[in-house]
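The values are calculated or read from the model by the stated rules, or taken from the named source; none is laboratory data. Everything numeric in this text was worked out from a predicted model, so none of it was measured. Don't worry about glycine lacking a Cβ; one is built from the backbone with ideal geometry, like all the others, and counts go over all protein chains shown. In case anyone asks, the SASA skips ligands and DNA or RNA and just uses the protein heavy atoms, side chains included. Shrake-Rupley method; radii C 1.70, N 1.55, O 1.52, S 1.80 Å.
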Amino acid sequence: LAALTALGGCASVRSWFHHGGSDTTSAPSDSGQDENAPPRVVEPEVARRKITVPRIHSSDFELGASYGALSIEDFGTHPSYGIMAAYHVTEDFFFQAEVGRSKAGFTSFETLSNINLLTESERRFTYYDLSLGYNFLPGEVFIGRNFAMTSAFYILGGIGGVDFAGDTKFTVNFGAGYRVVPVDWLAVHVQVQDHLFQSSVLGTAKLTNNLEALIGTTV
């Protein structure tokens, strides 16, 4: 009889816990929302800045003029002037054509002996080159804190010809330069290059080096 009473009490206790207890898995949250629902996306309130896009004219061609000094081997250093044109194939590579002119002076032999080896017209030194250039070390040059100009160093090399001493010679040229773009339609060049060709003006054939340094502007 005691055992039956104990069993009945256990069943009553189990029934009491079953009906009186709270089911935490099915109870709604205090906020009234389903816990399995995805979180709400918070839209950021950011003040957008007004950006002015620079109006840079895109063009693959350059055309301009140059002025500098040309050292003609054995004939001294004299002013030179010319024109240049370039076509930019890519941002790195470009073709450049140049035509320049200078005038040779007198050799030491002519000065000492008072004998002219060349006539006045034969002293004109005219060169024309076609070169392949490569831009490297692109960057900017700053003037003060608020003004910057696009710039790049470049190297170039090519072939051409020179009219000098009454003859036309095949030339090979190579050099380097620095280009600065102060505004979107103008570029300033500082360039140094060497024009090499075989010359026999002084009686023996030799390879002459004719260095030129120039400054030019192109549009």
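Out of Gly216, Gly175, Gly157, Gly161, which single residue is assigned to a strand (DSSP E or B), surrounded by 19 or more Cβ atoms within 10 Å (Cβ to Cβ) and either free of Cβ contacts under 8 Å to residues at least 60 places away in the same chain or touching a Lys or Arg at 6+ places or on another chain (Cβ under 6 Å) (or both)?
Gly175
Quick check on my filter: what residues within segment 47-76 are at pLDDT 95 or above and among the polar types (S, T, N, Q)?
Ser66, Ser71
Report, ordered by the first and then the second residue, all pairs with beta carbons closer than 8 Å, sequence separation of six or more or different chains, a first member in segment 108-123 that is over 14 Å from Gly203 (Cβ atoms), and a second member that is part of a helix (DSSP H, G or I).
Final answer for the pair search is Asn116/Glu110.
Tally the residues that are free of Cβ contacts under 8 Å to residues at least 40 places away in the same chain and open to solvent by 60 Å² or more (accessible area, probe 1.4 Å), restricting the search to segment 184-213.
Here the count works out to 9.
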